[in-house]
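Each reported figure results from applying straightforward, stated rules to the coordinates on display, with no laboratory input. This structure is a prediction, so every number in the text was calculated from the model and none was measured. Heads up, the Cβs are rebuilt from the backbone with ideal geometry, glycines too, and the neighbour counts pull from every protein chain shown.
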Amino acid sequence: MQTRITRADLALGTALILPSLALFRMPGWAFAGAYAVGCAAALLVLKRVLIPRLHPRMNARTAAWILVASVLALALAHLWVHPRIDTAGFSLGGVSVGPSDGDDAIDDALSRLRDGLYPYHVLTFLGQPITPMPGALLLALPFHLLGVTALQNVFWIGVLALVLARRCGARTALWVALPALVLSPVIVYHVMQGMDYTANGIYVMLAAAAVLDRLEAGRERPALLAAVLLGVALSSRLNFLLLLPTLLVPLARERGVELARRVGGAIAGGFLAVTLPFFLHDPAGFTPFHTVGLAVDVPGVPGSRLIAPLLAGSCALALSVRRGAYGTVAMIRVGFIVQLVLVGSSLALTAFEPGGAQMRYAHFAVLAMFFGLTGYGPRWVEEGLDRSHAADH
């Protein structure tokens, strides 16, 4: 029986462990190290022991009901916990975790917009500027109108679970989802606090996948509509613009420059339609362009804020020109790697800041997490089942 660590093991482990290190670093490096080792061990046991034994005994309907129950439980937990910690934070094991203004920033901006005011001329209750871009505000609007802005994360988790179930079966979707909810506490933390990174990462990824899926089905008009929606979704966090080469470069090579130009134009149209009016109204006051969280200033190095984006952009181009980079799964996997390079290089640059490396930057990996889960999770499950079949023969 093979015992080697595969690419899917490394990708899934990184997707789950890295974002949560920002939480476990708070009580000390020993806790962070113990969590990383424990999570990696749990993933190996799940893949090599539990999935091969339990998967054949579980039918698709049971798996689907467990998925539905998990999402509903997450929603109910959010509705009970979020109001209690939103503006007060919480303490766990003697470690104090401060409040988050993620959903409050969206509510404040949308409330001003509904009153006919510029949404970016306001500070949150923590005194912070509004960082979500106009696309994030637009996509959060239905939840804001219902008074449950912070619940958008649970909604998009549910949508992703449904998409995975349709693409690879409910049982495989369950084996991808459960480790994420159980072994990566940063997901639960973000859901309870109401930060929108989870929603951002999922709807950008699903919109990009929808473009390629419809093109592969020969449905160009729906693909162009999906491209417009992708442009709107990209107007959520600037780091997602690095995904454009991973989509357009392989598309131009495999399907022609003209089709890539039309898709790129539709994406640009959606992005500019929701972003440009707010930027042109007050370029100096458009706070998302001035509060790029992954930009790191290195003392004494001019232009250091561009180092991480340039490294990630170079990685995106290098991986996008390779053979085999075309296709939905390939695009999602490359997108995951590019976002990891962006986060990893930003983390490395913080070593030059006063006080040394800042593990708080690891929580930005939540923006990449769901690319990793979707791109590599099903393959990880398949490898576990292949091991079982090999052992039987």
>> Could you order the peptides 215-224, 332-341 from most to least packed, using the average number of other C-beta atoms within 10 Å per residue?
In response: 332-341, 215-224
> Where does each of 245-258, 194-207 land if you order them by average Cβ count within 10 Å, highest first?
Replying inline: 194-207, 245-258
>> From the gyration tensor of the Cα coordinates in the stretch 241-287, what semi-axes in whole Å does the equivalent ellipsoid have, largest first, with each one equal to sqrt(5λ)?
In response: 28, 11, 5
> What nm distance separates the two modelled labels at Ser314 and Leu181, each placed 7 Å from Cα along Cα→Cβ?
Replying inline: 4.2
> Hey, if you put +1 on the Cβ of every Lys and Arg and -1 on every Asp and Glu Cβ in the stretch 7-392, which of Leu230, Val274, Val211 ends up farthest toward the positive end of that dipole?
Replying inline: Val211
> How big, in percent, is the set of alpha carbon pairs in the stretch 59-213 lying more than 18 Å apart?
Replying inline: 62
>> Only four residue types carry charge here, +1 at the Cβ of Lys and Arg and -1 at the Cβ of Asp and Glu. Report the dipole size of the stretch 7-392 about the Cα centre in Debye, rounded to the nearest 20.
In response: 1200
> Put a dot 7 Å past each Cα toward the Cβ at Arg112 and Met58; how far apart are the dots in nm?
Replying inline: 4.6
> Measuring from the lowest to the highest alpha carbon on each principal axis, how far does the stretch 205-246 reach, largest first, in angstroms?
Replying inline: 30, 17, 14
> So, in Å, what gap is there between the alpha-carbon centers of the stretch 43-71 and the stretch 121-154?
Replying inline: 35
>> Using helices alone, I'd like the mean residue ellipticity at 222 nm for the chain: each DSSP H run of four-plus residues gives -39500 (n - 2.57), total over residue count, nearest 500.
In response: -22500 deg cm²/dmol
> Once Rh is set to the Kirkwood radius over Cα pairs, what Stokes-Einstein translational diffusion coefficient, in µm²/s, holds for the stretch 7-392 at a temperature of 4 °C and a viscosity of 1.567 mPa s?
Replying inline: 60
> Tally Lys and Arg at +1 and Asp and Glu at -1 over the other residues with C-beta under 14 Å from the C-beta of Pro129: what net charge comes out?
Replying inline: -3
> Can you tell me the Rg and Dmax of the stretch 1-151, counting just the alpha carbons, in angstroms?
Replying inline: 20.5, 65
